[in-house]
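Written out below as structure tokens is the structure these notes cover.
The values are calculated or read from the model by the stated rules, or taken from the named source; none is laboratory data. Since the model is a prediction, treat every value here as computed from it, not as a measurement. Note that each Cβ is placed from the backbone with ideal geometry, even for glycine, and that neighbours are counted across all protein chains shown. Please note that ligands, DNA and RNA were not included when accessible areas were found on the heavy atoms of the full protein model with its side chains. Shrake-Rupley method; radii C 1.70, N 1.55, O 1.52, S 1.80 Å.
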Amino acid sequence: MTVLEPSKHTADAPLYRRRRGKSVLMMSLSFAAAFVGLAFLVVILLTLLIKGFGGLSLAVFTENTPPPGSQGGLLNAIVGSLIMTAIGVALGTPVGILAGTYMAEYGKHGKLASIVRFINDILLSAPSIVVGLFVYEVVVIHMGHFSGIAGALALAIIVVPVVVRTTEDMLNLVPSQLREAASSLGLPRSTVIQRISYKAAQAGMITGVLLAIARVSGETAPLLFTALNNQFGSTDLNAPMSSLPVVIFQFALSPYADWQALAWTGALIVTFAVLALSIGARVLSAGAQK
Amino acid sequence: MTDLSLQAPSGLSAAAEARASKLRSFRIKDGAFRNITLASALLVLAILGGVILALVIGSALAFSTFGFDFFVTQAWNPVTEKFGALSPIYGTLVTSLIAMLIAVPLGLGIAIFLTELCPPVLRRPIGVAIELLAGIPSIIYGIWGLFVFAPLLQETVQPFLISVFGHVPVLSTLFAGPPYGIGIMTAGFILAIMVLPFITSISRDVFETVPPVLKEAAYGVGCTRWEVVRQIVIPFTRVGLVGGVMLGLGRALGETMAVTFVIGNAHKISGSILAPGTTISASIANEFTEAVGDLYTSSLIALGLILFIITFIVLSIARLMLMRLDKKAGV
């Protein structure tokens with residue numbers, strides 16, 4: 001400390017001390033902010049473990065959601081979530097990859113690509129409940145009832161912007177020399193993209209899909225009035241379908257203790273699945289950048 | 001574009017013909033692939049257009065019935081079919097404001113910590129940990145907020161606020177009791193935790209764009225760490241910071257599930273931020289499946305349209321500001 005102190009003879013030593021004091025104070029505050037941020041993460045995860053871990057048993061994965069007051073599991077919710085997520089990702093990913101390809105490989109600085117980029121970034125953060133309303137208006141009203149396919153469509157709309165964004169970013173990282181070398185061999189543009197660009201950007205693009213899966217597997221709002229819920233283990237896409245987040249929502253807000261306990265267990269499963277996916281995505285992209 | 005070999009005179013060897021047909025199929029596939037990618041890009045625009053169109057059509061009944069009154073009426077009565085959007089709009093804005101008041105200083109603080117103070121070894125792990133907060137689904141924040149955070153506030157922070165500000169004019173209305181636990185303030189706090197990672201990661205990214213030579217020069221003339229941050233780093237990154245804050249605001253405005261759990265769903269504007277209220281997204285989530293009658297449904301869709309327009313404007317501003325920054329960085 002004394003080393004940094006200016007010579008005691010200078011007239012503005014008090015001023016210097018005040019400036020340093022202020023700096024130390026602000027830096028301590030920013031340290032405290034980081035501590036608070038990390039503390040929230042730890043507290044939330046610990047709460048989930050404490051309240052949810054006790055409920056984890058084989059029955060959770062083998063039995064359907066129970067009526068109040070009896071034993072049961074979350075099988076139908078887990079299956080419903082998996083089905084709708086799988087269909088949503090299967091529908092949204094190709095659209096996202098192709099649109100991202102257009103922006104990175106063909107449109108690039110063109111007017112259309114800039115507009116699509118702007119709109120896509122907005123869709124990326126747009127409220128997901130609005131997507132639910134949209135699918136309700138377009139699909140549910142015309143079908144006349146809630147259905148698993150409507151839920152999957154809503155999820156697909158959320159997948160698209162995530163995949164567009166990562167695909168474009170990852171394709172932009174591919175050195176243009178690679179493309180030029182391929183083109184100079186006489187390969188058509190589409191072959192260059194499919195065989196060279198996609199190969200080079202593969203890991204990054206898979207990361208994008210993983211992030212999209214992580215994003216939609218916790219989505220609740222767009223499913224509330226598209227897939228609704230289903231007490232029974234239905235795999236019929238034409239009928240209402242339950243999903244883990246919607247069941248958590250319904251059970252947590254119920255007055256029954258065993259429903260609330262199941263909600264916590266479901267919350268634990270969803271959170272750790274989502275965190276595992278996003279950590280996996282990070283590891284993959286870190287490996288690819290080496 | 002035309003390949004010479006395609007116009008080769010007939011009567012050539014089979015090999016040449018095979019080559020010509022191969023090239024033709026190349027060309028067709030090439031064009032087809034381009035058009036498919038173009039169509040997908042247009043589909044992204046169509047999604048946005050479709051969302052707006054569907055909301056406009058769905059809300060037409062509510063707007064034609066109530067007209068402009070819809071925006072300025074507080075009543076929300078499914079029995080008499082009188083609906084007004086004022087209290088959800090109020091709740092949305094106030095909860096987001098509370099969230100930003102907490103999350104902006106906190107997020108900036110973490111970003112300063114990560115770029116100026118943190119030992120390089122810890123930088124990445126801590127950054128990732130904060131970003132993981134963004135990955136936790138919003139329903140988890142909701143259930144945690146309802147069962148852990150709200151009771152905590154009800155027992156500690158809220159009685160404290162009531163007792164401290166209870167006799168101060170103006171503030172006594174703002175913190176008028178009783179402490180419900182759930183309400184506008186709790187929703188604002190939960191939103192703050194949720195948008196914190198967005199603000200943090202964007203602030204950190206823009207802080208890292210400050211050329212080291214600028215900071216070194218400031219340290220060289222004897223600035224303290226805080227003075228370097230305050231006088232060099234923040235002014236240099238102002239545009240990007242505002243963009244990041246607006247992005248966080250866009251998230252806070254549209255956030256649904258976490259708020260639905262802790263807001264209390266009361267269609268009523270109360271002077272106290274401890275009282276229950278509602279937001280646009282929470283009203284839709286709570287009531288949409290139970291809404292009977294076209295007017296009720298249409299009013300909820302009208303709320304959705306209002307929300308979409310507000311977030312669209314906020315997010316557009318955010319993007320434009322961040323784009324300005326990208327251009328600057330590109331030069």
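Could you work out Rg/(2.2 N^0.38 Å) for the stretch B:13-66, with Rg from alpha carbons only? Walk me through the numbers before you get to the answer.
Values: Rg = 23.0 Å, N = 54, 2.2 N^0.38 = 10.0 Å.
Normalised by 2.2 N^0.38 Å, the Cα Rg of the stretch B:13-66 equals 2.30.
In the elastic network of chain A, a GNM with C-alpha springs shorter than 10 Å, the most mobile of A:VAL162, A:VAL216, A:VAL42 is A:VAL42. Mind giving me the FRET efficiency for A:PHE61 and B:GLU216? R0 is 56 Å, r the Cβ-Cβ distance, nearest 0.05 is fine. With R0 = 56 Å, the Cβ-Cβ based efficiency is 0.45. Each 20 Å bin from 0 upward holds the following percent of the Cα-Cα pairs of chain B: 24, 44, 22, 9, 1, 0.
Rounded if a/c is under 1.5, else prolate if a/b is larger than b/c, else oblate: which is the stretch A:79-243, with a ≥ b ≥ c the root eigenvalues of its Cα gyration tensor?
Values: a/c = 2.87, a/b = 2.22, b/c = 1.29.
Judged from the Cα gyration tensor, the stretch A:79-243 comes out prolate (a/c at least 1.5, a/b above b/c).
Amide H contacts for B:LYS82 (H built 1.01 Å from N in the peptide plane; partners 5 or more residues away or on another chain; cut-off under 5 Å): B:ASN77.
Relative contact order of chain A: 25 percent, from C-alpha pairs under 8 Å at least 6 residues apart in sequence. If you sort B:HIS167, A:HIS142, B:HIS267 by accessible surface, 1.4 Å probe, largest first, the order is B:HIS167, A:HIS142, B:HIS267. Counting only heavy atoms of the protein chains and using a 1.4 Å probe, A:ASP236 has close to 80 Å² of accessible surface.
For chain B, what does the relative contact order come out to in percent, with C-alpha contacts under 8 Å and a separation of six or more?
Details: 427 pairs, mean separation 82.7, N = 331.
25 percent.
Computed over the stretch A:1-157, relative contact order equals 19 percent, with contacts defined as Cα pairs under 8 Å that lie 6+ residues apart. Looking at the square roots a ≥ b ≥ c of the eigenvalues of the Cα gyration tensor of the protein assembly as shown, which shape do they give, rounded for a/c under 1.5, prolate if a/b is larger than b/c, or oblate? Note, shape of the protein assembly as shown comes out oblate. Note on B:LEU23 and A:LYS108: with the Förster distance fixed at 22 Å, the Cβ-Cβ geometry gives a FRET efficiency of about 0.25. For chain A, the membrane-span-like helix rule (DSSP H, alpha carbon extent of at least 27 Å along the helix axis, mean Kyte-Doolittle at least -0.5) picks out A:13-53, A:75-101, A:148-173, A:198-217, A:257-289; this says nothing about an actual membrane. Once both labels are positioned 7 Å from their Cα atoms along Cα-to-Cβ, the gap between B:VAL170 and B:GLU116 label points is 3.1 nm.
Two tests apply to each whole DSSP H helix in chain B, Cα reach of 20 Å or more along its axis and mean Kyte-Doolittle hydropathy of at least 1.6, and the ones passing both are B:86-112, B:184-207. Given their separation in residues at 0.36 nm each and the Cα-Cα distance between them, A:LYS22 and A:ILE141 gain 36.7 nm when the chain is fully extended.
Considering only A:PRO94, A:PRO255, A:PRO66, the Gaussian network model of chain A with Cα springs below 10 Å gives its largest mean-square fluctuation to A:PRO255.
Equivalent ellipsoid semi-axes for the stretch A:215-290, as square roots of 5 times the alpha carbon gyration tensor eigenvalues: give them largest first, rounded to whole Å.
Equivalent ellipsoid of the stretch A:215-290: 29, 17, 9 Å, largest first.
The mean accessible area for residues of chain A, using a 1.4 Å probe and ignoring ligands and nucleic acids, is 45 Å² per residue.
Using a Gaussian network model on chain A with a 10 Å cutoff between Cα atoms, which of A:ALA154, A:ALA13, A:ALA32 fluctuates the most? Highest fluctuation among the options: A:ALA13.
Show B:CYS223, B:CYS118 ordered by accessible area, largest first, where the area counts protein heavy atoms only and the probe is 1.4 Å. Working shown, then result.
Values: B:CYS223 40, B:CYS118 5 Å².
I get B:CYS223, B:CYS118, largest accessible area first.
Rounded to the nearest angstrom and listed largest first, the equivalent-ellipsoid semi-axes of the stretch A:98-186 from its Cα gyration tensor are 35, 14, 10.
When 1/r is averaged over all different Cα pairs and the result inverted, which Kirkwood radius in Å belongs to chain A? Kirkwood hydrodynamic radius for chain A: 22.4 Å.
Treating only the Cβ atoms of Lys and Arg (+1) and Asp and Glu (-1) as charged, compute the dipole magnitude of the stretch B:67-329 about its Cα centre; round to the nearest 20 debye.
Numbers: 14 positive and 14 negative charges, 164 e Å.
About 780 debye.
Summed over both chains, the accessible area lost when B and A associate is about 7100 Å², using a 1.4 Å probe.
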